Structures are given as structure tokens and as C-alpha cells.
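A.B. asks: Attaching a single structure in C-alpha cells format; questions to follow.
The values are calculated or read from the model by the stated rules, or taken from the named source; none is laboratory data. A quick note: this is a predicted structure, and the numbers were derived from the prediction, not measured. Neighbour counts are summed over all protein chains in view; Cβ atoms, including those assigned to glycine, are modelled from backbone coordinates with ideal geometry. In case anyone asks, the SASA skips ligands and DNA or RNA and just uses the protein heavy atoms, side chains included. Shrake-Rupley method; radii C 1.70, N 1.55, O 1.52, S 1.80 Å.
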Amino acid sequence: MPLDRRRLIGSGLVALAAGSAKAEPSSRREPPTSRPAGVLELAMGADAPSTPTGLAIARGGRMFVMMPRFTGAEPVTLGEVLPDGSVKPYPDARTNKPDPKDPQATLFHVPNGVFDRNDAFWILDSGLPEGKGKPVPGAAKLLEIDITQDRIRRVIPLDAGVVADSSLNDLRVDVRDGRALAYITDQGQGGQGAILAVDLASGRVTRRLADHPSTATQEGVVKFVELRPVMEQKGDAPAKHPKGGANGIAISPDGSRLYYAPLMSRRLYAVETAALLDPAITDAALAAKVQDLGEKGMTGGLTTDSQDRVYLSLQEHNAIGRRLPDGTVEVLAADDRLVWADTFWITPDRWLYISSAQVNRRPEFNRGQDLQQRPYAILRMRIDADPVL
């Protein structure tokens, strides 16, 4: 069945389409589709207790999801997906119970986590009390977890890099050749974002590109998911456009370049990591080094492969795209199950995984009605390159 017909079925318009087809003269033929996209397969249905925006997979195959506390009522913010699809609190239920009196030992609002090349599990906790508001003192942090023992090995506070309206979102870790660095996007709560650079050895945190256009909401854009504009809708108040600064992030294979994009923007940006990390380079000088790489669609998460191709979660099209080094953007696969494509993960055996977070179905975008459907799909496809390690 052609892709456009599948989407008609998924959107409930197949009856209308069939009726129209009957009314057409028999001599008319259905117009051909555009070049077909590739196919995704269902890797797992994660029966997560709340919206799973983050995804990370260990070398041995253990799968983890991150569930930000959008309201503060969510019972778990970091979980492990078991073979039957159920999700258990990770590393345990106690750690998942936020405690302002013990902010570095408990988890508040975890949007993402990654494994480094040594299979150490790095968790980003934005420290938000209820998905918004001022981060709890001491709660914004990076945690290194040893999954062989299921215990927290180290905690790196991020207080020096956050501000009152911070909303830390995504993470990349670069541990190799004597360097140990982390890069974090702050999408902000009012649309003004930033990038945090963290020296994992010393714990030094630097906030960069704050209030720069490349880390801020692009005003006037509208994101469409499942044929509807994504708008914040509360009670009888007028619907308003959501805001979202620096969100998706990825790193080049050699670690020299950082790719990033605001949540509410159609542009992709890049900056050299050496400049980002150099304290001698002023904010103004760093801003001049930011590269606008052009249109990439409306995306959430990003990742790269060993050929320096940037993968794009094309949320408006239920699809996966890829930007080549020459700037060409291609669509790799599309699937109606990929609702709010979010976090990528590439395994050593060249499987590309992508989470379906269903954020657009959350109550805040549907006048209080929760339209999310469990389990949440985690899809995958084979690719022709290795992960960036």
C-alpha cells in the first residue's frame, strides 16, 4: 500500500478517500506517490508510566527511558525497559523520589541520558520541581551510573550553569583521548536558551551562547504533528504557541563540532567545540563563530554517525531524516507510529533506534485531555554507518 494511503487510514480519512475514488471516472488513475521512504520496525512497546522523551541503550542491550516530570506528579523519571515492555524505576524507586533536602542523591526531572564509549551511563537531571519554575538548589546535575552494579558512581553539580528559567534538555558526552567533556542544551522556559560545556574531570561548568538567536525560539513558526498545530491550550484561555530554545544536540565523529537546534525552529546550527570550551574567547567572539547550516525541518532529538551525517527527528512528518555533510537532507523512513519522534540511539551493530514520545498528545496541548496511548513505540531501522563513540 502506498505511503499516502496508509496515512489516510491512520488519520481516519480512508472512507472519504474511497468515496472520492468511486466518484472519479474509471479512466482516471490515482496519482503516483513521491519517492517512497524506508521502513521502520517496532523494536519495543514501552509501557512507560508517563511521557518517555529520552532513550539510551547499553552495549549489552539493556534499554532505558527518561520521563521528564512535566507536572511533578509523575512517579518515575528514569526507568529501565524490561523484555516484556514494562518499565521499572532505575536504579530504584527511592532514587526516583525527589527530595529537596537531598537533591544530589535523588532524581527530579530527567529529560535525557547517554552511554559513553566506556558504557558508563550519564544522566541529566534538570532539577525542575514540577517541569517548570526555578531549579531546586543542588538538583541540577549530571550523574554517572555504573550499570554493572546499578549504582551512582559520581555526581557533578550544574548549578553554576543554570539560571532561574533554565530547562536543561539534552546531553552529549565525549570521553576519549584524555578528554572528558559533556555538552548540554538549555531550552529555557521562556524561549531563551543556552549551551552548557562541562569538564567532567574538574567539574567546571560554563554557560555559553545564552540569548543568542541560535539557542532561542524562532518566533512565528508553527509545529504541526498528526495534522494539527501544536498549541498550548488551557481551559478557555486562547491557545498560544509553545516556546523552546536549544533542544536537540549532536557531536561530530572527531568531537570537534557541536550540532544543535532549538525545539521551535527550522534551522540547524553548529559551533566548534574548541571555541565553546575556550574561556579566552568572549561571548561576542563565540557568537561570531556560530554557523547557520540552514533548513532542517521541525525536529526534536538529533544524533550523528561515523560519517558525520546528522539524523533528524522530523516530527511534522512522522519520519526520520538525515543531513549529509554537503547540506543535502534526505528522508530515510516514515511511520504513522512515530508520533513526536524524539530521541535517537545507534547501536554498534548499526541499528538506529528512535522513540515515539507522543508529547503533542499531552493534556497541555489538548485542553486538559490526555490523548497519549500506551505502550509507547520504540522503532528501529538498519543504517550503513557506525555510531559516534
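A.B. asks: Quick check for me: using +1 on Lys/Arg Cβ and -1 on Asp/Glu Cβ, what's the dipole size of the chain about its Cα centre, in debye to the nearest 20? Don't skip to the end; give the middle numbers.
C.D. replies: Values: 48 positive and 49 negative charges, 139 e Å.
Using only the charged Cβ atoms, the result is roughly 660 debye.
A.B. asks: Also, I was wondering about something else. State the percentage of accessible surface on the chain attributable to carbon and sulfur atoms; use a 1.4 Å probe and exclude ligands, DNA and RNA.
C.D. replies: Accessible surface attributable to carbon and sulfur in the chain totals 52 percent.
A.B. asks: If I stretch the segment between A237 and S306 completely, what's the gain in nm (0.36 nm per residue apart, minus their alpha carbon distance), one decimal?
C.D. replies: 20.1 nm
A.B. asks: Another question about this same structure. Ignoring everything but the protein chains, give the 1.4 Å probe accessible area of K97 in square angstrom, nearest 10.
C.D. replies: In the full protein context, K97 sits at about 150 Å².
A.B. asks: Are there any trypsin sites (Lys or Arg not before Pro) in segment 253-283 that are in a DSSP loop and have at most 16 other Cβ atoms within 10 Å? List them by number.
C.D. replies: Passing both the DSSP loop test and the Cβ count: R266.
A.B. asks: Pulled fully out, how much extra length does the chain show between D47 and T328, if you take 0.36 nm times their separation in residues and subtract their Cα-Cα distance? The partial results should precede the final answer.
C.D. replies: Details: separation 281, 0.36 × 281 = 101.16 nm, distance 3.65 nm.
Taking 0.36 nm per residue and subtracting the Cα distance, the gain is 97.5 nm.
A.B. asks: Normalised by the empirical 2.2 N^0.38 Å for globular proteins, what value does the Cα Rg of segment 233-361 take?
C.D. replies: 1.15
A.B. asks: Please work out the C-alpha center-to-center distance from segment 237-278 to segment 51-102 and express it in whole Å.
C.D. replies: Each part's Cα centre sits 25 Å from the other's.
A.B. asks: Could you tell me which residue out of V221, L143, P100 lies farthest along the dipole of the chain toward its positive end? Charges go on the beta carbon: Lys and Arg +1, Asp and Glu -1, centred on the Cα centre.
C.D. replies: V221
A.B. asks: Which value, in Å², gives the accessible area per residue of the chain when a 1.4 Å probe is used on the protein heavy atoms?
C.D. replies: Dividing the accessible area of the chain by its residue count gives 43 Å².
A.B. asks: Same structure, new question: Which residue, chosen from A48, L78, W345, occupies the Cα position most advanced towards the positive end of the dipole of the chain, where the dipole is computed from +1 (Lys, Arg) and -1 (Asp, Glu) charges on Cβ about the Cα centre?
C.D. replies: A48
A.B. asks: Which FRET efficiency value, to the nearest 0.05, is calculated for D336 and R266 with the Förster distance at 25 angstrom and r the Cβ-Cβ distance?
C.D. replies: The formula returns an efficiency of 0.65 here.
A.B. asks: Continuing with the same structure: Obtain the nm distance between the two label points defined at T148 and D177 by a simple spin-label model: each point lies 7 Å from its Cα along the Cα-to-C-beta direction.
C.D. replies: Label-label distance for T148 and D177, simple model: 2.7 nm.
A.B. asks: Whole-Å semi-axes of segment 88-242's equivalent ellipsoid, largest first, each the root of 5 times a Cα gyration tensor eigenvalue?
C.D. replies: 29, 19, 15
A.B. asks: Which Rg and Dmax, in Å, describe the Cα atoms of segment 48-150?
C.D. replies: 12.7, 38
A.B. asks: With N denoting the number of residues in segment 290-389, provide Rg(C-alpha) divided by 2.2 N^0.38 Å, to two decimal places. Kindly include the intermediate steps, with their values, before the conclusion.
C.D. replies: Numbers: Rg = 14.4 Å, N = 100, 2.2 N^0.38 = 12.7 Å.
The value comes to 1.14.
A.B. asks: Kirkwood hydrodynamic radius, computed over distinct alpha-carbon pairs, for segment 101-160: how many Å, to one decimal? Walk me through the numbers on the way to the answer.
C.D. replies: On the way: mean 1/r = 0.0852 Å⁻¹.
About 11.7 Å for segment 101-160.
A.B. asks: Evaluate the distance, in nm, between pseudo-label points positioned 7 Å from the Cα of D292 and of A160 along their respective Cα→Cβ axes.
C.D. replies: Calculated label separation equals 3.3 nm.
A.B. asks: Next question. So if I place +1 on the C-beta of Lys and Arg and -1 on the C-beta of Asp and Glu, and nothing else carries charge, what would the dipole magnitude of segment 84-223 be about its Cα centre? I want it in debye, nearest 20.
C.D. replies: Computed charge dipole of segment 84-223: roughly 160 debye.
A.B. asks: Please state, to two decimals, what the Cα-based radius of gyration of the chain comes to when divided by 2.2 N^0.38 Å (N = residues).
C.D. replies: 0.98
A.B. asks: Give the Cα extents of segment 330-389 along the principal axes, in whole Å, largest first.
C.D. replies: Between the extreme Cα coordinates on each principal axis of segment 330-389 lie 43, 22, 18 Å.
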